[in-house]
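S.K.: The structure is given below, and queries will be raised subsequently.
The values are calculated or read from the model by the stated rules, or taken from the named source; none is laboratory data. Computed from a predicted model, the values in this text were never measured in an experiment. With ideal geometry, Cβ positions are generated from the backbone for all residues, glycine too; neighbour counts draw on all protein chains shown. Note: areas computed on protein heavy atoms with side chains; ligands, DNA, RNA excluded. Shrake-Rupley method; radii C 1.70, N 1.55, O 1.52, S 1.80 Å.
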Amino acid sequence: MGVYRCLMVAGTLLLMAAGSADAGGDNAASEDRLRLDQQAYGLLRYEWGQYAHLNDITMLRGDVTCDGQEDRVLGWLDRDSPEGLFYRVMLATDAVGKDEAFSVLGNMAAMSVSLPADRKGAVHMEAGEPLFCSRGELPEVTITLESYTKAEAVALTGLGDACGTTIRLDDGLCDSIRLFWLRRPLGRPVDGERFVLHRN
């Protein structure tokens, strides 16, 4: 287990966040949900440009930040980076301010995670090894959301501010990876770590 954000600094993997859940209801709720989906895709294109191919992206909806609002989690395998192979996770949420996010669109802010998926990517991020295993050339990563009680989240992360809804990543070979959102940044208020990476 370690605390990570979105960059790589002195061997520390830096991360950030996103979420999923089901909403029901009337046309206004459906339109609002579609608007938030579009904002999330807009943030994705702003962050990753041509490398974010929408047909290869999985989007989940849920309250990953434990603020009572539905967030968006987008995940995809980035095969186009010259630095190596990465699995990218982007959180689109209104749980952070403009000064903490990478980009903002409407009332949603983007926070991103890049996880090395091959040896070249691991070397680029100063990681000891890739975080995913593959049967062939590429890992087959699935992204889902899981729910834990507050006590379970604390037991897994060692941190009392970890949200119980977590982003789970599986490749079917290596141990599952979970990203827990910290409701209060660990460290400095604006640019402290927001995600804890846990691995079975």
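S.K.: Taking 2.2 N^0.38 Å as the expected size of a compact globular protein, what ratio does the Cα radius of gyration of the stretch 43-199 give against it, to two decimals?
M.R.: So the Cα radius of gyration is 1.01 times the expected 2.2 N^0.38 Å.
S.K.: Sorted by accessible area with a 1.4 angstrom probe, largest first, how do Cys66, Cys163 fall?
M.R.: So the residues, ranked largest to smallest area, are Cys66, Cys163.
S.K.: Ordered by residue, what ³J(HN,Hα) values in Hz, to whole numbers, does the stretch 157-167 give under the Karplus form 6.51 cos²θ - 1.76 cosθ + 1.60, where θ = phi - 60° and Gly and Pro are x?
M.R.: 9, x, 10, x, 9, 6, 6, x, 8, 10, 8
S.K.: With θ taken as phi - 60° and the coefficients 6.51, -1.76 and 1.60, list the Karplus ³J(HN,Hα) couplings across the stretch 103-108 in order, rounded to whole Hz; mark glycine and proline as x.
M.R.: Residue by residue, the stretch 103-108 yields 8, 9, 9, x, 9, 10 Hz.
S.K.: Further, regarding this structure: Tyr148's amide H: which non-local residues (gap 5+, or another chain) put their own amide H closer than 5 Å, with H modeled 1.01 Å from N in plane and none for Pro or chain starts?
M.R.: Sorted by chain and number, the residues that satisfy this are Thr165, Thr166.
S.K.: Please give the net charge around Asn107, taking every other residue with its beta carbon less than 13 angstrom from that of Asn107, where Lys and Arg add +1 and Asp and Glu add -1.
M.R.: -2
S.K.: Take Gln38 and Ala151, extend 7 Å from each Cα along the Cα→Cβ direction, and tell me the distance between the two endpoints in nm.
M.R.: Here the modelled spin labels are 4.6 nm apart.
S.K.: Given a 1.4 angstrom probe, I'd like the percentage of the accessible area of the stretch 68-150 that is carbon and sulfur, rounded to a whole number.
M.R.: 48 percent
S.K.: Further question: Given a Förster distance of 45 angstrom, what is the FRET efficiency for Leu186 paired with Ala28, based on the Cβ-Cβ distance and rounded to 0.05?
M.R.: Approximately 0.75, to the nearest 0.05.
S.K.: With all protein chains present and a 1.4 Å probe, how do Glu129, Glu137, Glu193 order by accessible area, largest first?
M.R.: Correct descending sequence by accessible area is Glu137, Glu129, Glu193.
S.K.: Can you list residues from other chains, or at least 5 along the same chain, whose modelled amide H is less than 5 Å from the amide H of Phe195?
M.R.: Tyr4, Leu15, Leu182
S.K.: At a Förster radius of 35 Å, what calculated FRET efficiency corresponds to the Cβ-Cβ distance of Asp67 and Ser176, to the nearest 0.05?
M.R.: It comes to 0.90.
S.K.: Averaged per residue, what accessible surface does the stretch 43-199 expose to a 1.4 Å probe, in Å²?
M.R.: Here the residues of the stretch 43-199 average 46 Å² of exposed surface.
S.K.: Right, next: Would you kindly derive the ³J(HN,Hα) couplings of the stretch 125-130 from the backbone phi angles with the Karplus curve 6.51 cos²θ - 1.76 cosθ + 1.60 (θ = phi - 60°), listing them in order in whole Hz, with x for Gly and Pro?
M.R.: 9, 6, 9, x, 7, x
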